[in-house]
Protein chains: 2
Amino acid sequence: MGTTTKALSLLGYFTRARPLIGLSDMARLSGLNKATVHRLMGELAQAGFVEQAGSGREYRIGPAVMRLAALREHAVPMRDVAAQVLRDLSDATEETAHFSLMQGQTLSTVAYAYSPVHGTRVTMEDAEVLMLHATSSGLAVLAYSPRDLVDAVLQAPLTARTPQTITDPAEIRALLTEIRAQGVAESVSGFEEDVHSHAAPIFDARGCAMGAVAVAAPTVRMDDALAAHIRASVKAQALRLTRMLGGFPPADYPKDSHDTVAGPAPATA
Amino acid sequence: MGTTTKALSLLGYFTRARPLIGLSDMARLSGLNKATVHRLMGELAQAGFVEQAGSGREYRIGPAVMRLAALREHAVPMRDVAAQVLRDLSDATEETAHFSLMQGQTLSTVAYAYSPVHGTRVTMEDAEVLMLHATSSGLAVLAYSPRDLVDAVLQAPLTARTPQTITDPAEIRALLTEIRAQGVAESVSGFEEDVHSHAAPIFDARGCAMGAVAVAAPTVRMDDALAAHIRASVKAQALRLTRMLGGFPPADYPKDSHDTVAGPAPATA
DNA sequence: AACCAATGGTTCACATAATGAACCGAACAA
DNA sequence: TTGTTCGGTTCATTATGTGAACCATTGGTT
């Protein structure tokens, strides 16, 4: 393992729950020698990536990352990043993939990608507003949203877009629990007739659901095999997009044991 | 120079104007061997600090910094705190207010606020790097910086951003003495043409200057009354921000006994 | 087609820079 | 006192990083 990799891996041990780490703690966490950690932290500190908190001599994330984050935000608009992931997702599933973001209390479509494989496909509109209770994307977001939002949405009148739209608040709450267990939401003809969609949430840097990635297929093409494939794909790609956008899933988000989506892994040592 | 320092220094070459950098360019910019840069960028990429943009094989800042920035912001909500102070300052002066922090040996913009009053205003960019000798913020910081830093900055070649930029080290040293007497630095068209700015330093918990708050106005609007108002406001708000961030001014920082610039609008409005 | 000058990327002999066991002085507790 | 921690330092050993020279591609010129 390269020296730089070691140094950068140290940054991975800072979390929301553990924003301050002392020298000895860091040595323990990383499994590296205390002297090594000291030198690496010194270099990180000199570059402004960490700094020593005033009172103790513990370290915390430094100001340099703010500058880089501002650059990243400017250089990489979310749509472009999402477009890439959606293309992969629609290729993998041979169906329509789309990405939507919460804006205020509504969910609106940001980007989508079609698969060229089938002649019939689910089509999307730019900036379409998705109802939270009637779409798989909306349910995926709701399942990982704070109670306030869920209550606000479910106490408002729930309009039925189709005869299949679920409008009973109690039924939806039960659904949300199930979604949290699965990590994937599902909707059959809830928003558009004859559309069967699966969605997984996208999380921001605080671990809050900020949107969702979904795959929508005509109901006639859906069967158990395709559904299983889509569920796995959408979940994997949603995790990938979450990471690409700099967010990370909450601790209780169900992990599939098999798929290993590359991420900023901590020390393997 | 340590390997880690070299790797991290590469990140410093990304700017707003240059968000994508190729391998050869990076080697040129950093003065390092291409093979070295390749390996370092590889390690940075593996950790998510850079990534290779889809089209070319050029590098850009990666998603990992977003996570760290969120952590930093959570631990040290400087940006939020500053935003509040800047809003008050721009309201009070009816001009653009901004806050910048020293990172290593450069000063970079952290936050800013515009006043809605005038149609023309000085505009800012996120994460813009301010030259220490050519901006009021830079001079304010230098005036309260240790001798080493001042010497290092003034012995390097001082580039002139505009014809009005002061590039004579002796002249700048004289200026710094004056700034220490006033507690406020001033720059007329030193960084951008037709911009007149005033700045006051922000101190950390040890009483060292760690950044500056400034108000920038179009030169055409500047007159004695506005200048006096801005000087008082920027000084008062800088002191306030210093305190809010847990720092305090050094003993020799000039205190204005009389003006209490709590009042919002200037007389001229 | 042939040529040139870029690009990103790779190799390997060499030496610089990283490593870690043992050490220090300072707090704090029993 | 003794025994813990803690952050930080030293220095012989060697793993790690380095860079001149090398490919393989690409895009532009002649």
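What are the residues in the range B:50-75 that are among the aliphatic types (A, V, I, L, M), more than 7 Å from chain A (Cβ to nearest Cβ) and under 18 Å from residue A:47 (Cα atoms), if any?
Answer for the range B:50-75, where residues must be among the aliphatic types (A, V, I, L, M), more than 7 Å from chain A (Cβ to nearest Cβ) and under 18 Å from residue A:47 (Cα atoms): just B:50.
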What pairs can you find where one residue is in the range B:131-142 and over 12 Å from residue B:105 (Cβ atoms), the other is in a loop (DSSP other than H, G, I, E, B) and of a type in the set (Phe, Trp, Tyr), and their Cβ atoms are less than 7 Å apart, with a gap of 6+ or different chains? B:134/B:191; B:135/B:191
Enumeration of residues in the range A:168-205 that are more than 23 Å from residue A:82 (Cα to Cα), assigned to a loop (DSSP other than H, G, I, E, B) and not small (Gly, Ala, Ser): A:168, A:192, A:193, A:194
All but one of (1) under 22 Å from residue B:125 (Cβ atoms); (2) within 15 Å of DNA strand D (Cβ to nearest atom) hold for residue B:102; which doesn't? (2)
So residue A:80, is it over 18 Å from the mean Cα position of the chain (by Cα) and either modelled with pLDDT under 95 or not assigned by TED's automatic domain parsing to the domain that holds residue A:231 (or both): no
Identify the residue in the range A:1-25 that is among the small types (Gly, Ala, Ser), surrounded by 15 or more Cβ atoms within 10 Å (Cβ to Cβ) and more than 7 Å from DNA strand D (Cβ to nearest atom) and, among all such residues, is nearest to the other protein chains (Cβ to nearest Cβ). A:7
Do we find that residue B:204 is modelled with pLDDT under 95 and closer than 23 Å to residue B:106 by Cβ in this structure? yes
Residue ranges of helices (runs of 4 or more DSSP H) in the range A:1-118 with at least 3 members farther than 26 Å from residue B:16 by Cα and within 16 Å of DNA strand C (Cβ to nearest atom): A:3-11, A:23-30, A:34-46
Note on residue B:125: of the conditions (1) surrounded by fewer than 18 Cβ atoms within 10 Å (Cβ to Cβ); (2) at pLDDT 95 or above, unmet is (2)
I'm trying to understand the selection: among the residues of the range A:35-49, which are of a type in the set (S, T, N, Q) and at the interface with chain B (Cβ under 7 Å from one of its Cβ atoms)? A:46
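The values are calculated or read from the model by the stated rules, or taken from the named source; none is laboratory data. For clarity, every value in this text was computed on a predicted model and none was experimentally measured. Here the Cβ is made from the backbone with ideal geometry for all residues, glycine too, and neighbour counts use every protein chain on show.
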